[in-house]
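Reading through the structure tokens given below for one structure.
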Amino acid sequence: MVGAFGVEAIGFVLIVATRPPVQYVGWVVLVLAAVAAGWVMLRWTRSGLIIDLTDEGWVVRANGRLMRGLWADVAEVSATDARVRLVPTEGQTVVIESPGGADKQRFATLLADITRHLDRHRAG
């Protein structure tokens, strides 16, 4: 959807560029502002972080990437008050960081949930 809008916006700008009367300047500015706002909104929605913890494992969606793993496959865990690192026996290491140390209580809750899942899995 954004791609089609971008192509239309570029086409509109090219049409207006071939007809330079002053009356089109406002439209060009409006279209460019709309394209810029759309780009900012797209980047903003893609930068979100979603973490799903289940009894079997985890799913992390961040910056358009999807990472998942099982608690049974976790070989190593390291944590600070602003960072959690899960190292599976095979596959990609997952690092979850609190941006700029923001919302320490929420991050502490996440760390406690991860610890609870790992403890429950290893005890069972």
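The values are calculated or read from the model by the stated rules, or taken from the named source; none is laboratory data. Source: prediction; values computed, not measured. Cβ sites come from the backbone with ideal geometry, for glycine too, and all protein chains shown count toward neighbours.
Does the stretch 57-71 contain any residue that is assigned to a helix (DSSP H, G or I), modelled with pLDDT of 70 or more and in the same structural domain as Ile114 (by TED's automatic domain parsing)? Yes, the stretch 57-71 contains a residue that is assigned to a helix (DSSP H, G or I), modelled with pLDDT of 70 or more and in the same structural domain as Ile114 (by TED's automatic domain parsing).
Screening Trp44 against (1) modelled with pLDDT of 85 or more; (2) in a helix (DSSP H, G or I); (3) aromatic (Phe, Trp, Tyr) leaves a single unmet condition, (1). Annotation: Arg122 fulfils all but one of (1) over 17 Å from the mean Cα position of the chain (by Cα); (2) at pLDDT 85 or above; (3) among the basic types (Lys, Arg); the unmet one is (2). Is it true that Gln92 is of a type outside the set (A, V, I, L, M), closer than 19 Å to Thr54 by Cβ and at pLDDT below 85? Yes; evaluated as a whole, the condition is true for this residue.
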